[in-house]
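The values are calculated or read from the model by the stated rules, or taken from the named source; none is laboratory data. These numbers were taken from a predicted model, which means no experiment stands behind them. So basically every Cβ, Gly included, is an ideal-geometry build from the backbone, and we count neighbours across all protein chains shown. Heavy atoms of the whole protein, side chains included, go into the accessibility calculation; ligands, DNA and RNA do not. Shrake-Rupley method; radii C 1.70, N 1.55, O 1.52, S 1.80 Å.
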Amino acid sequence: MTHLIHFLRILTVLVLAVTFSTTSVLAQTNNTDPLKIAMILWRGETRVEDGFRGFFADRGIPVDLQIYDVERDLSRIPGIIATLRKNPPDLVYTWGTGITSNVVGKYNQVDPDKNITDLPVVFVMVSSPWKTGIAAPPGQSRPNITGATHIAPLPAQIQAIRAYRPMTKLGVVYNNGEDNSVSNVEELTALGAEMGFDVLAAPLGQNGDPSSSDIAPAVADLAKRGADILYIGPDNFIGTYRDALTDAGFDNGLAAFSATELEVRDGQAMLGLVSRYELVGRLAASKVEDILINGLSPADIPIETLDRFSYLIRLSSARRLALYPPLSLLDYAEIIK
């Protein structure tokens with residue numbers, strides 16, 4: 001247990017955050033025109049965008065953020081791209097794997113008529129840019145694309161679960177139509193062979209679009225198959241219906257672990273090892289600054305995730321399941337009541 005606690009203590013951030021100099025870069029550039037940034041969002045603004053805005057506000061850099069909300073409907077993206085081509089921004093910001101993939105295409109399947117190739121693009125909330133083809137393979141680059149990812153390394157996530165309770169069977173309900181979700185389950189399955197656990201997969205949407213009514217039966221089936229805990233990965237569908245998943249978990253005596261912040265902070269997942277959304281937004285903003293103010297090419301700016309993560313525990317969910325955290329975790333976990 002000691003080595004697990006030490007490992008998680010290194011990864012966890014409670015007070016320390018990604019910090020950036022508050023010296024105004026704008027004063028150095030003598031440029032008073034606001035940066036014109038088009039933001040293509042999945043479901044409106046989130047805490048990621050709060051952090052993005054805050055970065056520029058702290059540094060005194062004026063920005064003109066043009067918001068395009070697809071409202072969870074990817075079919076709107078071609079119309080948005082057409083609008084941007086008529087009045088090009090300085091840079092395009094994309095939220096999530098689905099939007100980013102549709103905006104920039106996969107690295108080996110780019111269509112200049114459909115995808116943005118002549119404007120810099122900075123993405124956020126793409127969990128696996130290499131596995132999903134958004135990022136080019138090692139040794140190659142895409143000239144107009146960089147971004148900030150948000151998922152803690154999978155081995156660290158498994159260690160975080162096992163620091164709370166034993167786990168040999170991980171239950172995963174996911175949308176089979178989301179590339180990031182499929183990739184995540186594939187990686188978990190491979191990791192299970194190394195770390196001694198089985199992934200019990202419950203894919204939804206194999207015969208069409210998934211329905212929220214499919215979630216409860218899938219969770220009940222995972223409980224019958226002996227799942228120790230439910231895993232919520234980077235899945236937009238499950239994120240939208242997270243309460244249906246966690247409620248079904250409560251009904252079947254299963255806690256939920258989340259790889260993303262909102263499912264614990266705003267939902268009822270019992271625990272998670274997560275990136276703080278505001279810090280992801282600030283990391284993305286620093287890349288925008290490098291491109292638009294410091295003059296770097298996106299191809300020369302690495303795609304990165306944060307190097308510190310927060311261990312969150314929702315105490316109300318722990319009480320509901322009578323699964324109280326080990327006292328050793330309380331020294332550094334962030335407790336949400």
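Listed values, structure above:
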quantity	calculated
Degrees, to the nearest 10: 47-59 long Cα axis against longest axis of the chain	40
Within the accessible area of region 73-125 (1.4 Å probe), percent carbon and sulfur	48
Listed residues TRP130, TRP42 arranged by accessible area, highest first, probe 1.4 Å	TRP130, TRP42
Accessible area expressed per residue, the chain, with surrounding protein chains retained (probe 1.4 Å, Å²)	43
Degrees between helix 154-164 axis and first principal axis of the chain (Cα, 0 to 90, nearest 10)	40
Residue (of ILE158, LEU188, PHE123) at the positive-pole extreme of region 83-210, dipole from beta-carbon charges	ILE158
Point-charge dipole on Cβ atoms (K/R +1, D/E -1) for region 266-337, about Cα centre, debye to 20	540
Sulfur and carbon atoms: percent of accessible area, region 175-235 [1.4 Å]	42
15 Å beta-carbon shell around LYS337, net charge (K/R +1, D/E -1)	+2
For region 272-337: rounded, prolate or oblate by the Cα gyration tensor [a/c cutoff 1.5]	prolate
Magnitude of the charge dipole, region 100-184, Cβ model with Lys/Arg +1 and Asp/Glu -1, debye to 20	500
Hull-based mean projected area of region 24-123, where the convex hull spans the alpha carbons, in square nanometres	6.7
Equivalent ellipsoid semi-axes, region 34-188, via Cα gyration tensor eigenvalues times 5, rooted, Å	30, 19, 15
Protein-only accessible surface order, largest first, of TYR231, TYR324 at 1.4 Å	TYR324, TYR231
Among GLN66, LEU84, SER101 the positive-end extreme of the charge dipole of region 56-117 (Cβ point charges)	SER101
Note, ³J(HN,Hα) from phi for region 67-73, Karplus 6.51, -1.76, 1.60, rounded to Hz, x at Gly and Pro	8, 10, 9, 7, 6, 6, 10
FRET efficiency, SER213 to GLN140 (Cβ-Cβ, R0 35 Å, nearest 0.05)	0.25
Charge sum, other residues only, whose C-beta stays under 12 Å from ILE116's C-beta, Lys/Arg counted +1 and Asp/Glu -1	0
Selected from ASN184, ASN294, ASN236 as most flexible by GNM, with the chain as the system and alpha-carbon contacts under 10 Å	ASN294
Leading residue at positive end of dipole, region 274-337 (Cβ point charges), from ALA299, LEU279, SER328	SER328
Charged-residue dipole, Cβ positions (Lys, Arg, Asp, Glu), the chain about Cα centre, Debye nearest 20	540
